[in-house]
Every structure is written in C-alpha cells, then in structure tokens.
Amino acid sequence: MSDVVEKTLSALPGLFDNVTQTGAAKITSGLKQLIRSITELTSKHEEEKLMKQELSAMKEQVSSPNTSMKQMREVMVRAMYCEMLGYDASFTYIHAIKLAQQGSVLEKRVGYLAVSLFLTEGHELLLLLVNTVLKDLQSTNLIEVCMALTVVAQVFPKDMIPAVLPLVEDKLSHPKEIIRRKAVLALYKFYLIAPNQVQHIHAKFRKALCDKDPGVMTSSLHIYLQLIRESPDGYKDLTGSFVAIMKQVVGGKLPMDFYYHNVPAPWLQIQLLRILSLLGREDQSTSEQMYEVLDESLRRAEMNHNITYAILYECVKAIYTIHPKAELLEKAARCIGNFVLSPKINLKYLGLKALTYVVQHDAKLALQHQMTIIECLDHSDFTIKRETLELLFRITNAQNVTVIVEKMLDFLRGCGDEHTVIHLVGKVAELAEKFAPDNSWFIQTMSDVFSIGGDSLQQDVPNNFLRLLAEGSECKEEDDELRLFAVDSYLTVLKGDASHLPQHFLQVMSWVLGEYSHLQECVDQREVIRLLAKLLDQRSVSSETRVWILSALTKISEGQTDLILELAESLSSSQDTVLRQQAQELRHLSRDSQLQECVLPRGAPWDSMEVDSSLSFLDGFVSEALAAGAAPYKPPHQRQEELSEERALNLEPYSFSLPVSLSSCSITDRQSPPLLSVSSGLSGNSTELSQKEGSSTLILEGVRRVWGKDGYLPQKETAATAPPVDEPSIAVHPSGQQEVAERIETQPEPSTRNQDKQQLASSLFVGLGTQSSISLLGKSEAPPPRFRKKPRPHESSSSSSGTSERSSDSSSRSSRTTTDSFLYGSLLEEEPVTSTSTTTNGLSQNKHTEGDRRANTSQILGSDMVIVRPNTIQDRHPPSASSDLTALLPSEIKDLPHSDVISLTSDPSLSLASCRMFRDEALLLVIFICNCTDTVIKDVAVQLTCEELETASLRGNVVDCLEGKSTSVCHYALLMDEPHTNVSFTGTVSYQTQPGHTNTLPFSGTLSTVDFIRPLVVTTEEYGKLWLSLSHDVKQNLKLLTDAGGDPLKTTLNALKDALQLHVVDIIGSEGIVACRLLSGAPCLLHCRVNGSALAMWLRSPHPSLPDCILYHCQRALAEH
Amino acid sequence: MIKFLLMVNKQGQTRLSKYYEQVELGKRAALEADMVRGCLARRKEECSFVEYKDYKLVYRQYAALFIVVGITENENELSIYELVHNFVEVLDKYFSRVSELDIMFNLDKVHIILDEMIVNGHIVETNKNRILAPLLALDKMAEG
C-alpha cells in the first residue's frame, strides 16, 4: 500500500512549486507561508517562535475590518494549525462562528468545521451558533442543511435542543438520503446528551431502521445499539428485522459502492453482529432466530482479507455470547483456530483476544491452543505477550495459579510501562487472594506484588490485603498462622536492605509488625522496635510512611519504655509536626500502661469498632464556631462552583463573601473520606470522644484500626458455608493430566514442540478440561476463594466500595445488573413477596427507611391518585368504603406503606380497584377483583402490560372461581429500568359468567417515577465518595418554600422528602444533601443550596436521564405545595 | 468507540488530529508525542496494536506518514485497521495519489472528509462515493 503515499518529506522542496501551481487559486499566501515554515521547523524553540509570530499576525488580521470572508477562511485553517500544535488560538473562536454565519458555502463549511474543532460541549460561545444552525436548517440549499446537520451531530448546546428538534425531526422524511442520514445522526447525538428530549420519537427511529436507503438504516443502528445495550428486553421484537437486514447484506443485496474489497458493507455487518449478540444474550428463543444467519456469516467469510477476519471475530464473539448451539460453537472454535495459527501477527493478536473472551464460557478451548499460547507467552511482541497474560488470567484455577502468577510476575519485572504494571499487579493480587495454595506462597507473592507495584500501586491492593489479614477467616488458628508467616517474612525483609522498598510495602510491613509481631514468641520485641526505628532514619521513607511506622511502634511499645523514650526523645525535635505530635503521644502512652491498654487493646476484632463517620462529636465545636461568626462549611465542588460563578457576570445582588475560617478548615475531611481519615473517629461514642479530644489528642493517621472495646465477635457464617479449600480440584487432578496428554497427542505438528514447553503446558492448563459437563453459558463454577472474607454487616446493604466484594461467579449475573446497579445490585427472587421478611431482617438501615416512611404524612401526588402513608396501618380508621379492601391484603405485605385504593374499572359483574405498595426493592401494584354479583364468576384472568416497566413477579392473576360478593387480590411486582417521568399501563381482565361465554374488561392507569424511587440511606461520607464517582449531572434553580416560618431549606427538603421518598442525608448551614435511588439500583444524589430566594439544586447520577426525571418531580412537588 | 485519530509523520510532527473525546489543548502535544514514540519504536513484524494507558492504539504506516487511532477496549482492532485504509483510499480518490503535502495544504478538506466518516467516535459512513459527495458539491459551488 506504500504507493498510496509515495511522496515523502525528503522530496519536499521540489514539490512545493508543483503544489502551489496546481492549487494556486485556492491557497493564499499566508497559509502557504505558514505551511512552508512548519515543514522547515527543526526545534521546539523555533516552533514556539513561529507560533507566537503567527498568532499575533492572525490577531491583527481578524480584528481588521477589511478582512474578507475568504481571508477569514484562510485564517481559520491557520488557527487549526496553531491549535493542532498545541497553541491556544481562542481569539479566533468567535470569528469561526461569524464565518459559519456569514460566509458563502465553502467558507461556511470551514466556519462550522472550525467550530466543531475548537469548541467543546458546554462552551458558552456555542449558544451563538444556534441561530445560524436554525437558519441553515431551513435553507433551500441542501448543502447548507447538510452542514448544519453535521455540526449539530458533533457539538450542540444541550439546553437548546428543543429549539432545533422539530426541524431535525422534519428532516427524517426528507427526500434526499443524505439529509435523512444526517438527521438520524443528529438525533443520536441528542439521545446521547439528553435522552429525555427524544423519547417521543422512538417510532421515527423505527422508520429510519426500515428506510429504503441502506445508509439511513445504517445510521439508525447507532441509536439501536445504544438503546439495546441499555435495555435489551425492550427491543426483542426487532430481532427479526436485524436478522433480515443481516441476511440481505451477507447475501450481497447491497449496491456495489457499499463494498469494501469485495466484502459487502463490513462495518455494517460488525455493527449488526454486535446488536444481535446483545439481543440473544441469555435468551434462547431470540437466539434461535439468528443461528441461521450467523452460520451463513461464518460460511461467507472465507475470503482471505483482514476485513473478513474482523467480521469473523465479531461473529465468533456473538456465537459465544448468545444462547449456545453446539454446531455453531464448534464452527466458531475452528474459526478461532485459524486466527491463532495464522502467521499474520495482527490475526494472531485478534485470535488471542477472541480466545480470551471465549475461555470465560468454555475453558477447554484454551487446551486446544495451548502450544500456541505458550509460544505467544515468549513472543517478542509486547502486545502479544500482554494479551496472552490476560488470557492466562482468565483460565487460572487453584492448580495452575503458581505457574501463571510466576509468568505474570516475570513479565512485570521486565515491563517498564507503568500503566500495565498497575493493571497486572492488581490481577496478580486478585489471583493470589483467590487461589493461593498455601500461606507462605501467598505472603511471598504479595510481597512481590508490593515491591514490583511500587508506589503507583492502587491503594486498594494493600488495603484489601490488610483487611484480609485483619478480618481473618472462620478459623483463628489458620489466621494466626498466616499472620505469623507475614511477620516472619517481613522481619527477614527488613533485616536486609530496605532502602529501595516502595512506601506501600513499608506501610504494610509496619502495620503487620505492629499488629501481629507479638504472635511470634521467639522474636525479641526489642529487635522489632529496632528494625522499625531504623526505617525512620532512612531518608527515602516518606512522612506518610513514618506515621505508619510510628503507629506500629506505639502498638508494640509495651514494656520497652527505655527504647521508646529514647526514640520519642530523638523525634521530639523533628521538623515534621505530625511526627512530633506522635512522638509526644508515644511518650505519654508508654508511661501509662493503663491508658495504653484502653486505647490500643490487643487482639480485638476490628469490625466491632464503630466509626462516627459524620464526625458528630465535632458538632459542639462547629456550632460554637458558627456562633462566633465563622462561615459555614462548603464542600470543595461548591466552592469551585462559586468561584466560577464569580468569573462570569454576577447578575444577583451582592451577598456575603466567603472568608476562609477555622471551622471550614477543620471539617474538610468530611468531603474526602479516604480510608485513612476514618481513623479519626475512634469509637461510636461521640461524647466520650469529644472529652478525649481535649485531654490527649491521639491522632494515629495511616493506621487502620482493627480493635474495638468489645470482645471477639461471634462468627456469623455457619460451618456449612465454609469453603473446603481445594478438595474438589485435587480430586479431579489426575483426569486433568490425562486430558492434557490426550490433547497433546492430537496436536498436528509434534516436531515443533520440545519437552520444556510440554511441561509448561501441563502445568498451565491443568484442571481446565476436567469438568465433565461443559457449562456453556457462563463460567464453570469457580472454586471457592481460599481466603473468604467475613461478611460485614455494614457493607451488605449499602457498600459503595465495590472492590472489596469480588464476585467470582459471573454466570449468575443477569443482564440487568450490568447497567448501573453497582450500589443496589440485588436481584429480585422468583417470588419476592416472601422475601419481605428477610429484607427487613436485622438490617438497621431498613428499619430506618421504614421509620422515615412512617413519619410521612399524606401527600397529594399526581392528579389521579392520593398517596396516604399512614402512621401505622393498624391505627388507621378507614376513611372510605374502598379502603376496606386493604384488609384483604395478604399478611406478608399488609404492613407496607401504600397508596389509597382507587377504582380502575367496573362493569355490572366485576369491579377492579388498585393500590400501590412501596416495597424496598419493587413497586407492588395490587389489584382487587370484586365480584359484584351474587353468583360465582369463573376463570378470571388479569393481564397487565406496560412497555416501560418490567414485571418481576406476579401473583394471583388467575382465579379459577370467584364466589359471589367476594374479592380476590392479585399483585404485580414492577420495576423501572429506565426512568420515565410517567408511565401508563393498560390491561384487561377476562372472566366467564356462564361457561363458554368470556367477557373482557379493559383498564388502564398511570404510574410515576416517584413510585419507583426509594430513599438511599448513606452517610455523609459515603455520599461524598459516591458524588465524585457519578458522571451525569443536572443543575437547576427551584422554588424555595418559605411559608410556615421555619427554616426555608428544611421546609423545602421536608416537602420534597414527603413527596418523593428521598433520604435527607445531612443539612449543613444553607446546604442540604439528599439521596435516593431508582428501584433497580441507579442512585441519584441531590445537592441543595439556598441561593437567595431560590434553591440551587444539583443532581448527579450514573444514569443519564434519572436526574432529569427527579428534577421534574421535585419541581412539580414544590409547585403544588 | 474511537477516541481520536492522528496523522503524524516519521519525525513525529502532527499533520492532523481529531479528538472525539475532550482532551485539553495543552496536553495534546505531549500525549501525541508519547504515543507516536510508542508506535515508532515497534518493528515491522510486530502487530499494529499497542496498549496505551487505558485504551488501544491502532496504527498503520503509509510511506513516511503514520495514522494512529485510539480506541476503547471493546472496539474491534482489525476493523479499525481497515477503516484507516478505507480513509486513505478515500483521500487517494479525492486527491488522486495523496501525499503528505496534499494533507497539509488541504487540512480543512481532510477534516471534512473525516467528518463524513466518523461522528462522535462512531463509524457512520464507509461508502467512498457518499463520503466524497458533500465535499465535491462544495467544490463545485465554490468554482461556479
């Protein structure tokens, strides 16, 4: 292909004249001169000089009134050059917009191009573009319409979408395919940045999918891929269409210009295959529809060209993603063989990548290619090696873990790329934790991890390791044995040269020694103290590590007063104030053994420790400071926001300024709660602590506390769930070997192998082929991790630290959890009704929620229904006849908060009423079916449909026989995956009054997002952490409720809480933070601040449209108040 | 998804850059230099894909010019590798035997071509006639 670009830089001088002659008319002197100068650059310094010159020349030119549009176009291209080389040319931005507005076609296009290159989403100048776009969209010149649509699909201000949306929608039915195509792409952009705005045009997307032009259809696939990724269930009905399109494409029905190297629209095929695999995943009937076309796709792609392999790769992935079909799997596996064995290195890479994907479903495939894998492991190409390790990581089990980890560590030792190291070291730690064959191996491997990982290691690796040591497992002897190993191993390390060790490793070692060195009786504590003290003298040790070391020393100082005092003495003149303080504490504690025992009890389990994460013990201090005139605390993001507000024009009347005060400094930790700062809350008892604050301010930063005042907590897990370490894998060991041997025999080219490789193979791939039945969907059951972490009661319900709980079983994950449910990923059980008792079981948070809800009073919501949340159901006097019906509720859901009963429909024989019940994990829609006649009604069947909602379970929707004047209850557990402001449901009830004579009665109703919102109970600290991790945000000013004479913020928040089931996390001064979640999981955090007479609301969520929805309901609730 | 597309020559000078995800202007030059160094260091017999930070680079060399595309992990490397070639074929068709200088002197037009092919990091058109149609129409109008 080198003939495509033949002329190289070496031929430059001679070429200049040619080019300038042929393109002379178009290229003006300024640009020509610039390009010439750029090609002649020899140093960075020259470049800077040139750019400075160029920028000032351009500045002059743009501000001159004589500059024509044609010259302006040239200036824009020059500005593109400047920006491309990294020099800011922002003074030209406004002229780019002007050019787009005033230029004739080509100039206009360059103006738009410059806008799309220079301005990023959210740039304020973009607003100035809106009018130009509006004008061009209505132009009779197709080229202008085209370029307006192009720019809209690239950058457009989110808030102005409504202004152009109708025009863009109109273009969907334009006679020209290019306009329709670009309109679809513009709508896709709108969907990405503001999904709510285009919700109403889903039907038009379908029309675009069925467009007679293949280009328009192709564009619509982008939207569908996105939609289906978000909720595959909603688009299963389109499977047939996608299959039909795929068939036509593969069958060669497209015009010739859609072909690329004789392959019909390859990128379109790839897109379709991705869509199909999403649709067919975990869905047998849908998958069955696509087997044929996948088979054909595999068959057709026989041509030996890169692009056919790209399609094949996608095809293989699809086959292994959807519901399995043996015949196809076999073909796909053969296909992977072609990749992996290919002499072309790019294909080999893709083969490895495919294999990495596939072994998750069928580990046996790795066996077939074991020799290639081993060759790739020693490949000279870094990328290939790296991908091979990824593959090995996926097939690791308890038997091959030592070999694989060794390979990974070998690779890491010779790897200079920091990003790769961090990534892989984390994986090694994960494997070590999961499959470690014994204690000494585990400790040694972790030591390697710490020393190789260096200081760029992610903090959660040492954290997890220490937590594992501290929490222990079910058996105390085993735990102590592990800890002892660690102590011995670290003492050896420290006796050697410790100057080159990374800080993380030193921290881990000092913590372990501080905590557990007493377990090792044959080691003199004085020796340990000496070793640790030696570290303090080393210059390479960071001050953070020094804090860890001193904390460790504090813990083992007992009885060694002389050494400790000497040490404390030497540190008391340190430059570092924290160290000096710690030295003081050390001295104090070593003199008072009683205090020592009380502050640092030995061997107490750490989960009994309670942390006052809201720092309530500081409340007194804060209120005093506030009373003394200090400014209330503002979290950093808000300070930033205010700062940026200040930069813009201030249209509001002047308000108070923001002095930096003592109080705002002292509680900044609230916002950034990394693990270390947790230690500042020593115990749950805040009053006791605040007293302590005064007497001996003990700050032991950097040390995680693992003791509590209470004794060892009883184990919660029963013996039955304790994992038998690797018993099952040992049992299957011999057959695994045999399998390997068999495979080796069937290898086609025995001569190329040598014995070393075979040996390596048998150790790498041991245990892979042993499962008697291959579980095709999902990984075969992973052996239980060796180190089972103790369940932590606080985390089980609201853990936001997903890193600690690693699920080893990927097969149990349903498609729904792949969305945003990292917080509340729990799935509904088959019959969730029975689970109510377990969900409220013992979880203090649930009680809390319940309490919140009970405290609510009645609240009008929506126009059609009235929610009554009574104080307690038992106390309530039925206000109307219809609410008698609530007495009929099944006992297990009776006590849930619920709405009023409203009538749905009725006819002379049946009447239907419904009531919504708010369960923690679903909305229960209860339907009461009353027989109004005196005779028996038979075969009553209720059917409910709602496209936007998911029915998790239903009960009692079919009644064989309904006695006269009696009522039957059925209930649906409903979930909302995608937030919609309101959804309507329809349904029918069919029944027979006389045999063979079926009546049907339709009904309908509306549900609002509010029904699917639940309070999210988090602490301020968790809120802060979560806030930073969320990406989608929306800001808006809302009405502030000022009636009732109380604090307007509190009044407003309470009103919102009553209306929307929110959890008010905290109110600090003029700010409040509030949290809620959508049933299926996505949280939404609200940050409210009083801003003059308005409430500035800032919402964040992982879900793009959830903030919009919640904002809508907040507005409504406040408007109705 | 495609994160960015670069055209860089052997000397490491950027001839075209297009980002589909916001990268600060000040950081681009250093980032580009770093990535190009990574690609240039690789030998001919090694594969055309390199890991860089948390994404993959797909690169393809045409004489002295490298085209480097940054993509996410879930993208199909080989299809991007061929997309690059399709792009070059389109350029070749428009400029009839494209050279580095064509690209330099017609930076705006190369961008216009690219805008037809990739939008928001997604491949939206690969049909050569359709990619060139708007640009040819513009040229015609400018002449007329």
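General observations
- Of the helices (runs of 4 or more DSSP H) contained entirely in the range A:331-391, those carrying at least 2 residues that are within 14 Å of another protein chain (Cβ to nearest Cβ) and buried (at least 20 other Cβ atoms within 10 Å of the Cβ) fall at A:345-358.
- Just one residue in the set A:Lys938, A:Lys1025 is surrounded by fewer than 20 Cβ atoms within 10 Å (Cβ to Cβ) and in a helix (DSSP H, G or I); that residue is A:Lys1025.
- Within the range B:115-128, the residues that satisfy the criterion of being touching a residue at least 24 places away in the same chain (Cβ under 8 Å), at the interface with chain A (Cβ under 9 Å from one of its Cβ atoms) and in contact with a strand residue (DSSP E or B) (Cβ under 8 Å, 6 or more places away or on another chain) are B:His122, B:Ile123, B:Thr126.
- Within the range B:8-20, being in contact (Cβ under 8 Å) with a residue 60 or more places away in the chain, in contact with a Lys or Arg (Cβ under 8 Å, 6 or more places away or on another chain) and facing another protein chain (nearest Cβ under 10 Å) holds for B:Asn9, B:Tyr20.
- Qualifying residue in the range A:239-254 (condition: under 27 Å from A:Leu367 (Cβ atoms), buried (at least 20 other Cβ atoms within 10 Å of the Cβ) and in contact with a Lys or Arg (Cβ under 8 Å, 6 or more places away or on another chain)): no
- Residues considered: A:Asp159, A:Asp136, A:Asp170. Of these, the only one that is surrounded by 18 or more Cβ atoms within 10 Å (Cβ to Cβ), over 26 Å from A:Asp257 (Cβ atoms) and among the acidic types (Asp, Glu) is A:Asp136.
- Condition check for B:Arg42: under 11 Å from the mean Cα position of the chain (by Cα), over 23 Å from A:Tyr93 (Cα atoms) and among the charged types (D, E, K, R): no
- Which listed residue is more than 21 Å from A:Pro255 (Cα to Cα), more than 7 Å from every other protein chain (Cβ to nearest Cβ), out of contact with any Phe, Trp or Tyr (no Cβ under 7 Å at 6 or more places or on another chain) and in contact (Cβ under 8 Å) with a residue 12 or more places away in the chain, from B:Ile131, B:Ile112, B:Ile103: B:Ile103
- Unmet requirement for A:Tyr291, which otherwise passes all of (1) away from chain B (no Cβ under 14 Å); (2) of a type in the set (Phe, Trp, Tyr); (3) under 30 Å from B:Arg60 (Cα atoms): (3)
- Checklist (1) at the interface with another protein chain (Cβ under 9 Å from one of its Cβ atoms); (2) on the phi < 0 side of the Ramachandran plot applied to B:Phe95, failing item: (1)
- Taken together, the criteria place A:Val1017 among residues that are outside any strand (DSSP E or B) and closer than 24 Å to A:Arg916 by Cβ.
- For the range A:91-106, the tally of residues that are more than 9 Å from chain B (Cβ to nearest Cβ) and either under 22 Å from B:Leu25 (Cα atoms) or surrounded by fewer than 22 Cβ atoms within 10 Å (Cβ to Cβ) (or both) stands at 11.
- Boolean, A:Tyr224 is of a type outside the set (A, V, I, L, M, F, W, C), more than 14 Å from chain B (Cβ to nearest Cβ), touching a residue at least 40 places away in the same chain (Cβ under 8 Å) and at negative phi: no
- Elements of type helices (runs of 4 or more DSSP H) in the range B:1-113, at least 2 residues being within 25 Å of A:Leu347 (Cβ to Cβ) and in contact with a strand residue (DSSP E or B) (Cβ under 6 Å, 6 or more places away or on another chain): B:25-40, B:77-95
- Scan of the range A:59-78 for residues that are β-branched (Val, Ile, Thr) and within 14 Å of another protein chain (Cβ to nearest Cβ), ordered by number: A:Val75, A:Val77
- The listed residue being over 18 Å from A:Ala310 (Cβ atoms), in contact with a Lys or Arg (Cβ under 8 Å, 6 or more places away or on another chain) and of a type outside the set (S, T, N, Q), out of B:Leu40, B:Leu91, B:Leu31: B:Leu40
- Condition met for A:Glu121 (over 38 Å from the mean Cα position of the chain (by Cα), within 14 Å of chain B (Cβ to nearest Cβ) and at pLDDT below 95): no
- Total residues in the range A:566-602, condition surrounded by fewer than 21 Cβ atoms within 10 Å (Cβ to Cβ), closer than 20 Å to A:Asp524 by Cβ and at pLDDT 80 or above: 1
- Counted residues, the range B:58-78 - those being at the interface with chain A (Cβ under 8 Å from one of its Cβ atoms) and touching a residue at least 24 places away in the same chain (Cβ under 8 Å): 5
- Filter pass, B:Glu89 being within 28 Å of B:Tyr52 (Cβ to Cβ), at pLDDT 95 or above and either surrounded by fewer than 18 Cβ atoms within 10 Å (Cβ to Cβ) or more than 10 Å from chain A (Cβ to nearest Cβ) (or both): yes
- Residues considered: A:Asp977, A:Asp920, A:Asp934, A:Asp1011. Of these, the only one that is more than 28 Å from A:Val1064 (Cα to Cα) and either within 41 Å of the chain's Cα centre (by Cα) or in contact (Cβ under 8 Å) with a residue 12 or more places away in the chain (or both) is A:Asp934.
- Residues that are at the interface with chain B (Cβ under 10 Å from one of its Cβ atoms), in a helix (DSSP H, G or I) and touching a helix residue (DSSP H, G or I) at 6+ places or on another chain (Cβ under 6 Å) are absent from the range A:156-173 altogether.
- Scope the range A:965-983; condition modelled with pLDDT of 80 or more and among the hydroxyl-bearing types (Ser, Thr, Tyr); matching residues: A:Ser966, A:Thr967, A:Ser968, A:Tyr972
The values are calculated or read from the model by the stated rules, or taken from the named source; none is laboratory data. Bear in mind the structure is a predicted one, so any value in this text is a computation, not a measurement. Cβ: placed from backbone, ideal geometry, glycine included. Neighbour counts: every protein chain shown.
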